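K.L.:
Structure provided below as structure tokens; questions to follow.
The values are calculated or read from the model by the stated rules, or taken from the named source; none is laboratory data. Since the structure is predicted, the reported quantities are computational estimates derived from the model, not experimental observations. We place every Cβ from the backbone using ideal geometry, glycine too, and count neighbours over all the protein chains shown.
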Amino acid sequence: MNIDHLYDIARNSLKQQNLHKIKSNASNLDDVLTFRVNSALKKEFSKICKDNQSSASSELKRYMLKIVEQGSL
């Protein structure tokens, strides 16, 4: 086993620990994310979310978690 392999193992372990911490604290909503968006886009996105018994914030949080799990966009 070379040093690069050991480094990758350590990095993956830390990533899994961080992911576990994020998931276990998912209900601890302690920060706010604010951004501007086109009103027509927001309206259509919110409608689709509502049609699927969800909300825009829930779906955006789900997307963010998926990106963190993947480690890339």
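K.L.:
Could you tell me which numbered condition ASP51 fails, if it satisfies all but one of (1) out of contact with any helix residue (DSSP H, G or I) (no Cβ under 7 Å at 6 or more places or on another chain); (2) under 20 Å from SER72 (Cα atoms)?
P.N.:
(2)
K.L.:
Can you tell which of ASN2, ASN12 is exposed (fewer than 10 other Cβ atoms within 10 Å of the Cβ) and over 13 Å from the mean Cα position of the chain (by Cα)?
P.N.:
So the residue among ASN2, ASN12 that is exposed (fewer than 10 other Cβ atoms within 10 Å of the Cβ) and over 13 Å from the mean Cα position of the chain (by Cα) is ASN2.
K.L.:
To continue, here is another question. Might you check whether a residue that is surrounded by 10 or more Cβ atoms within 10 Å (Cβ to Cβ), touching a Ser or Thr at 6+ places or on another chain (Cβ under 7 Å) and not hydroxyl-bearing (Ser, Thr, Tyr) occurs anywhere in the stretch 48-56?
P.N.:
Looking through the stretch 48-56, at least one residue is surrounded by 10 or more Cβ atoms within 10 Å (Cβ to Cβ), touching a Ser or Thr at 6+ places or on another chain (Cβ under 7 Å) and not hydroxyl-bearing (Ser, Thr, Tyr).
K.L.:
Looking at LYS21, LYS43, LYS50 in this structure, which one is at pLDDT below 95 and among the basic types (Lys, Arg)?
P.N.:
After ruling out the rest, the residue left standing is LYS21.
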